[in-house]
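Below you'll find the structure, written out as structure tokens, and then a few comments.
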Amino acid sequence: MGVRQQEASQVQSALCVMFVAYIFYVLVLIIYNYSLVSYKTSELILIGKKLYTLFENKSYTAFYDIPYARPPINELRFKPPKYISFFENGIYDYSRPCCKTCAIVNNEDCLYLSIYSPNIGNKTKQYPVLVWANEYSNLHGPDFFIDENIIVVTVSFRFSIFGFLNTEDDYAEGNMGAKDILMALKWLRENIMIFNGDPNRVTIIGSGLASTPVASMLVSIAADDLFKRAIILDGSALSPAEYRHNNLEVAHKLYRRLNRNFDLFNIKKLYKIIDDTSSAELVLASSNLYDSTEVRDSQRLINSFGCSLEMSSKMPFMTQSPVDVYNGKNINNNIQVIFGYTTLTNLYKLNGLAKNRELLAYLNYNFQYLLPFEGECNEYDSKRYREIKKEILDFYFLNGTIGKRSLKRYAKYVSDQDIYPLLRQATLHNRSSDSDVYLYRFAFKGSLNTGWRSSVPNLEWTGATLGDETCYLFKCKSETDVYKSLKCNERHFIKKIVRLLANFVKHGNPTPNPRDNILDTLQWMPLGRNENLQAMNFGQHLRMVDVPEEKRKHFWDRLMKEYFHD
């Protein structure tokens, strides 16, 4: 027998062994669990869990916790993700969730994704893919988008100190969490076809701690050609809390907190201390690094571990500020985008004031303003500081005075710390992009507004706050009983907004048809080039509206131009 014949015989024997093992494995599984599904290729057998959607009882297969990069532990701690090839020949069981998420404090081995694929008869057709990056995506289900025949992928990524420490050298070059998401997208580009996904129709949706990294992908060359469309929820690359100068300021603060001897800063010693510190201790030590006085003196919110400019990376995520990228019109301009925001985004910060509105009067004597854009700092209580403060008070409050009846006005001011950067990026991106940009404002208040319920449950206002849209887009596992008792109008609201976003995922247009069995004749128009901002209002009724927050945007535009730009 020749060498080639021997090799062919060995391969055939190996395939036979694999087949027998597969049959035995599946029989055992069937005995214990009849709801498993296998995906087979010429070399692989993948086992997933068969599930059914909440509303339409449509079957789909869940493949949980598939590794997309090597575990970022030991020598890979604080390093960019390292690609991991998918599978060698064999049988792989991904039918049971192991909760390998970065949201668990002590779990640094967390670079995994889960894939949820509709069980559709046509196994050769490729389906659009929605990739959701959110620190708590494992607590939600893909049901509503599965009903729209869309493959849903959830991605776990590093955040806080593990995802965004930047020491301006190769110890921690910064933006590791953003690069995790990019690595997951690269992995999907190579492998999603195995799950009947179309690598040319990938949409990424970023919310929670992923909203800023995903929004930044619109202006990062590192994200080029990894996805076709993007949906940004309550986040912006233009938040002044991100991409600040002097990354080493955080390293100095960590050193003072972790080093009990209070000696002069020593970067090598800091690395040794961090290397010897557990995950839980690092998370505790890295929280609240900036006190209220430092925030006051900066006049900006400060994110200790957010997106930053990279100085030493060979493959950087961001080397220029997003504002400079927009000014240079060097963006990823072939990406279709939806920006969405809740109408009272930061209402959750006002829990104490909502309980005791008498405290609002004290703000008249100690109003320390925050600015939702980048720029120089002003010495606290200087003449220029007082001028800017008066401008803000006069614009947001009646007679420039804050009283116990001013809570809603104060809530709008606080929420504009996030809404203004988002509207600003949507406007800049629309001016620079060759593709359509859409905008929505989420104002619906119902039984699934979990953000509102957990922060200000007794505040009887209309509108929505941070996170309120989540359970309407993705099934919240904690709200099972609520879903069972949903009224018809709320269930129909879910179907409408999911259909709009599903159409965008499929076609790049939320309303591609003049008439739709769910949307009827509703039409969502993209932003115009020189017109007033218009958005799809996700409220009791879905309709296009002139953006009510645009007047506030114009105020901040004018303030920035008059006081901070030449």
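The values are calculated or read from the model by the stated rules, or taken from the named source; none is laboratory data. Since this is a predicted model, take the numbers as computed values, not measurements. Glycine also receives a Cβ, built like all others from the backbone with ideal geometry; neighbour counts cover every protein chain displayed.
Key figures
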| quantity | calculated |
| --- | --- |
| Identity of the residue in the stretch 343-358, free of Cβ contacts under 8 Å to residues at least 60 places away in the same chain and surrounded by 13 or more Cβ atoms within 10 Å (Cβ to Cβ), that ends up farthest from Ala535 (Cα to Cα) | Arg357 |
| Any hit, the stretch 112-131, residues being more than 22 Å from Lys50 (Cα to Cα) and touching a residue at least 40 places away in the same chain (Cβ under 8 Å) | no |
| Filtered residues of the stretch 188-222 (kept if surrounded by fewer than 23 Cβ atoms within 10 Å (Cβ to Cβ) and under 23 Å from Cys307 (Cα atoms)) | Gly208, Ile221, Ala222 |
| Residue check, Glu148 in contact with an Asp or Glu (Cβ under 9 Å, 6 or more places away or on another chain) and either surrounded by fewer than 24 Cβ atoms within 10 Å (Cβ to Cβ) or of a type in the set (D, E, K, R) (or both) | no |
| Any hit, the stretch 469-488, residues being in contact with a Gly (Cβ under 9 Å, 6 or more places away or on another chain), buried (at least 21 other Cβ atoms within 10 Å of the Cβ) and part of a loop (DSSP other than H, G, I, E, B) | yes |
| Residue among Thr61, Thr101 that alone is closer than 18 Å to Asn138 by Cα and within 21 Å of the chain's Cα centre (by Cα) | Thr101 |
| Residue within the stretch 361-368 that is modelled with pLDDT of 95 or more and either within 22 Å of Pro548 (Cα to Cα) or over 33 Å from the mean Cα position of the chain (by Cα) (or both) present | no |
| Every pair of residues 6+ apart whose Cβ atoms lie under 9 Å, when the first sits in the stretch 448-463 and is within 12 Å of Asn351 (Cα to Cα) and free of Cβ contacts under 8 Å to residues at least 12 places away in the same chain while the second is of a type in the set (Ser, Thr, Tyr) and surrounded by 12 or more Cβ atoms within 10 Å (Cβ to Cβ) | Arg453/Ser447 |
| Scope the stretch 270-302; condition farther than 16 Å from Arg260 by Cβ and among the aliphatic types (A, V, I, L, M); matching residues | Ala280, Val283, Leu289, Val295, Leu301, Ile302 |
| Segments classed as strands (runs of 3 or more DSSP E), wholly inside the stretch 41-148, with at least 2 members that are of a type outside the set (A, V, I, L, M, F, W, C) and closer than 22 Å to Ser478 by Cα | 44-52, 59-67, 112-118 |
| One residue from Asn366, Asn399 being in a helix (DSSP H, G or I) and surrounded by fewer than 16 Cβ atoms within 10 Å (Cβ to Cβ) | Asn399 |
| Criterion (of a type in the set (D, E, K, R), part of a helix (DSSP H, G or I), within 24 Å of Pro510 (Cβ to Cβ) and at pLDDT below 95) met by exactly one of Arg431, Arg453 | Arg431 |
| Residue pairs meeting the criteria (Cβ under 9 Å; at least 6 apart or on separate chains; first under 19 Å from Tyr438 (Cα atoms) and in contact (Cβ under 8 Å) with a residue 60 or more places away in the chain, in the stretch 317-337; second among the basic types (Lys, Arg) and in a loop (DSSP other than H, G, I, E, B)) | Asn334/Lys228; Ile335/Lys228; Gln336/Lys228 |
| Inter-residue pairs, beta-carbon under 9 Å, first over 20 Å from Thr293 (Cβ atoms) and in the stretch 373-384, second among the charged types (D, E, K, R) and assigned to a loop (DSSP other than H, G, I, E, B), 6+ apart | Phe373/Arg300; Glu374/Arg244; Glu374/Arg300 |
| Residue tally, condition part of a loop (DSSP other than H, G, I, E, B) and either at pLDDT below 95 or within 14 Å of Ala133 (Cα to Cα) (or both), over the stretch 170-181 | 1 |
| Flag if Glu387 is of a type in the set (Asp, Glu) and either closer than 30 Å to Thr212 by Cα or touching a Cys at 6+ places or on another chain (Cβ under 6 Å) (or both) | no |
| Close pairs (6 angstrom Cβ cut-off, 6 or more residues apart or separate chains): without any contact (Cβ under 8 Å) to a residue 12 or more places away in the chain in the stretch 47-70, in a strand (DSSP E or B) anywhere | Tyr52/Ser59 |
| Subset tally (residues that are part of a helix (DSSP H, G or I) and of a type in the set (D, E, K, R)) for the stretch 207-256 | 3 |
